[in-house]
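Worksheet: one structure, shown below.
FYI, it's all coordinate maths here, none of it is from the lab. Since the model is a prediction, treat every value here as computed from it, not as a measurement. Quick reminder, even Gly has a Cβ in these numbers, built from the backbone with ideal geometry, and neighbours come from all protein chains shown.
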Amino acid sequence: MPKRPLAPAFINKLDDYLLENRPDTWSTRIHLIIYYWLLFSLALGGLSFIVPDNPLERSTIEYWIAAQTILVIVALVVWLVFLLRFNTFKSFGTVYHGDRIKTFFFFFLTMVLFVSTVFIAPMAETYKTMIRYSTNQVSDDMNRMNLALASILKKDYPAEITVDTIYILDYSTFVPPTTSDVYTFDDSTGTYIKEPLYLSREELRWTIGEEDSIVWVSNDKLIRYMVSNLQFVSDYNIKQHSNVKILRNFDIYNTVYGSSVPVDKAQMERDFYAIAEKYRTPGYTDGDYWMYSNGTPQEIAVGKYGVYEINYAIGNVGDRLFRFEEMEFGIILRIIFYVSLFVALLIYAFRHSTIRTFFLTFLFAILLAIISGIVMAMLRFDEWAAMLTVAVYYSFFFIFAIATIRQKVRSVFSGIALNMTLVLTPFIPVLLVAAYYIFQARNSIYDDMANIVNQNYMQPPDRSSELLHTALAEVFGFVILLILIETVFKWMYRTWYAAPEE
């Protein structure tokens, strides 16, 4: 009978070798975790591919994630049980040079593997969608369907071009409330004249990118041309990532309404249905046809030709395709990193301090957070002041731990300070970088207001330097933690734990 289920002979030999020669590494069970994680990941990935899934329908990936989260918690509990059975540090066993940093890294790596398991099913779902639908293919289909629908509606839906005159005002000027539909009767001409719009540059920043045509008359005045909505089939994600140009309202208008060639409505309908059939979702019940019998020609067409259903399907495809786009992928990496790092720090602190001190540290941290939050709220601290407060706390914990570490008896207060210092250390560089940019942004507000007439203000701020410095601070904080674990924290925990209990 094998020593462990599904474990080959070399795994058992490696286990025996580590137990005899590297007990501290053996206690982490990292060799077994990596092996069984690979087996489980392959099985989960294969199951994710086998299970039927329609990319046009709403994803049910949250159920997979919930199930995986439960399995990860169970695996974590089982692993912690094995960790409790043997502790080289507390047994005053043989600890070689580099064992502290290696042990912590194995704790961290184990948590990275556990947490990353949750994302295997979403990655498989995204890959299956990429096989069936490409961004360029969906973009081309959207353009063809919009041109076909515009051609079908050409006679019944008279698209119009509207013109708005916009005056740009700075923050020191009162902005009168206006809309784009206000008309004033001109006695001299006997006609209604459309009133201009008054917008601040901040308001214009969020609207200018959505318009079809802008003509700048001066630095404070522009003419905005807008055409009736002809993008019946549309999806934001597809637009953002497609290499194929998505036809705008003006493009569709010029192609269809600017042409004098007669439209064969029956042929256009056949062309539309031939493409739309690829995006029909079985069991779709979102009231697509509720406005088929009344409403504007556009509303009738939206209901008659099932545009809601098509947009629903294309939206689902876009959500799956770009689930791991650049910014979201960075968020996922940070979730894996910070969850793994925090749990690894807690495990390391638990295995190097007494049970009483560890749980008192938990209680102290909760009480400190509550009291500090109340004080900061009463004193109206902003984010910058709150971050500096945390940095001050860290300095106090570190100094207090160093000053009391050589006491004749093991003090629970120095143990709490030591645990708090350990947990906060990797986050201090990121906290300081964030505090710097918050302080810089607060001061730059006055510069923006002083230079608000500059049209560059309408561009979104460049955050590339902040993102780069934040990433470097995260790496730097982790490296500093590893160095301190093998040097300062190794000595501090050994000195503190070796003293007689008070």
Check your understanding: Between Rg and the Kirkwood Rh of segment 357-443, both from Cα atoms, what is the Rg to Rh ratio?
Key -> 1.04
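Give me the number: length gained by fully extending Y338 to M130, i.e. 0.36 nm times residue separation minus the C-alpha to C-alpha distance, one decimal in nm. Working shown, then result.
Values: separation 208, 0.36 × 208 = 74.88 nm, distance 2.94 nm.
Extending this stretch completely gives an extra 71.9 nm.
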Exercise for review: Compare the peptides 115-126, 242-253 by average per-residue count of other Cβ atoms within 10 angstrom and give them in order, highest first.
Suggested key: 115-126, 242-253
Check your understanding: Expressed in nm to one decimal, what extension gain is obtained for the pair A499 and E57 from 0.36 nm per residue of sequence separation less their Cα-Cα distance?
Key -> 152.8 nm
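Distance cut-off 30 Å, Cα to Cα: go down the list K155/K221; K128/K154; K239/K265; K13/K128; K128/K265 and report the pairs above it. Working shown, then result.
Working: K155/K221 36 Å; K128/K154 38 Å; K239/K265 28 Å; K13/K128 39 Å; K128/K265 36 Å.
In this structure, K155/K221; K128/K154; K13/K128; K128/K265 exceed 30 Å between Cα atoms.
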Point to revise | Estimated FRET transfer efficiency (K265, L6; beta-carbon r; R0 56 Å; 0.05) | key: 0.30
**Study point:** Sorted by Cβ neighbour density within 10 Å, fewest at the top, the residues K154, K13
**Key:** K13, K154
Study note, to complete from the structure: Fewest to most Cβ atoms within 10 Å: M420, M268 sort as M268, M420
**Study point:** segment 383-433: mean projected area of Cα convex hull, nm²
**Key:** 3.4
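Please order S411, S465 by the number of other Cβ within 10 Å, starting at the fewest. Could you put the intermediate results ahead of the total?
Details: S411 19, S465 9.
Ascending number of Cβ neighbours within 10 Å: S465, S411.
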Exercise for review: Report the label-to-label distance for E160 and V77 in nanometres (one decimal), using points 7 Å from each Cα along the Cα→Cβ vector.
Suggested key: 6.6
Exercise for review: Pop a pseudo-label 7 angstrom from the Cα along the beta-carbon direction at both Q440 and F413 and give the gap in nm to one decimal.
Suggested key: 4.0
